[in-house]
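Q: Pasting a structure below so you can have a look.
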Amino acid sequence: MSASPETDAPTSTMRWLRWAALAVAVAAVALGVIIGTRVDDDPNLVDTPLIGKPAPDLTLPYLERGSDLAVKSLRGQVVVVNFWASWCVPCREEQPILTAAADAYRNSGVTFVGVSYQDQRNSAVGFLNELGRGESYHYVTDPGSRAAMEFGIYGIPETFFLDRNGTIVAKITGPADPALLASTLDDIVAGRPPRSRTDGSVQRAPEQGR
């Protein structure tokens, strides 16, 4: 039986609102709100041995409050885990895109976890003060880089997608763009497997002072 117009209308409206919110982030980048050198390679979904495996069972301290976040406590939601740092140039490019997506998908059972990678707390908080935090977003630290090791981080930004069962189903290497982020989330929310493509670019951590 085909869906009625009344059923289709809210779905179409929500999809339009999501794309509109992400388009705002694109406009901000185009207008030069985000300062820094762009990475030349396009971001892509990539293959990783972690696809199809449970996400690491981690409990990480919040960046800006005195409590911890257990990743497994987010089961039942689609979870986007993004590794970032204030010293990462492409992270500045993607931050407004990620926060716009967090806002657009917050009513679809999607939550974001931003993992501060090899960064100083004050620098990380300053980054968020400048570029924004977004809705449905948890910002945590990674003492001893345990989360980075568990996820096999090579450089940043890297973004992992967990389905509602806590299984890793996709990964973006390099800064996420609105179209790729939205299409990946739409697939996961609808229960479809995202399709992996080729590799993107990341920035390695500075060797000193982190």
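The values are calculated or read from the model by the stated rules, or taken from the named source; none is laboratory data. Just so we're clear, the structure is a prediction, and the values are computed from it rather than from any experiment. Note that we place each Cβ from the backbone using ideal geometry, even for glycine, and neighbour counts take in every protein chain shown.
Q: With the structure loaded, tell me whether G144 is within 13 Å of the chain's Cα centre (by Cα) and not polar (S, T, N, Q) or whether it fails that test.
A: Judged against the criteria, G144 is not a match.
Q: Output yes when any residue across region 142-155 is at pLDDT 95 or above, not hydroxyl-bearing (S, T, Y) and not in a helix (DSSP H, G or I), and no when none is.
A: yes
Q: If W87 meets every condition in (1) touching an Asp or Glu at 6+ places or on another chain (Cβ under 8 Å); (2) not in a loop (DSSP other than H, G, I, E, B) apart from one, which number is that one?
A: Looking at each condition in turn, W87 falls short on (2).
Q: Could you grab the pairs with beta carbons closer than 6 Å, sequence gap of 6+ or different chains, first residue in region 84-103 and under 18 Å from A147 (Cβ atoms), second one surrounded by fewer than 24 Cβ atoms within 10 Å (Cβ to Cβ) and of a type in the set (A, V, I, L, M)?
A: Final answer for the pair search is S86/A124.
Q: May I pose another question? Which condition breaks for S116 when tested against (1) at pLDDT below 65; (2) at negative phi?
A: Against the list (1) at pLDDT below 65; (2) at negative phi, S116 comes up short only on (1).
Q: Give me the pairs, please: first residue somewhere in region 35-60 and farther than 23 Å from D142 by Cβ and crowded, with 17+ Cβ neighbours inside 10 Å, second residue anywhere and acidic (D, E) and modelled with pLDDT of 60 or more, beta-carbon distance under 9 Å, and either six or more positions apart or on two chains.
A: Nothing qualifies.
Q: Okay, next question. If we scan region 101-119, do we find a residue that is of a type in the set (S, T, Y), surrounded by fewer than 23 Cβ atoms within 10 Å (Cβ to Cβ) and part of a strand (DSSP E or B)?
A: yes
Q: Mind checking which pairs have a first residue in region 124-149 that is on the phi < 0 side of the Ramachandran plot and a second that is in a helix (DSSP H, G or I) and not charged (D, E, K, R), Cβ under 6 Å, 6 or more apart or different chains?
A: If the second residue must be in a helix (DSSP H, G or I) and not charged (D, E, K, R), the pairs left are L131/Q95; E135/A102; Y137/A102; D142/A148.
Q: Taking only region 128-150 into account, find how many residues are hydrophobic (A, V, I, L, M, F, W, C) and either under 16 Å from R65 (Cβ atoms) or crowded, with 22+ Cβ neighbours inside 10 Å (or both).
A: 3
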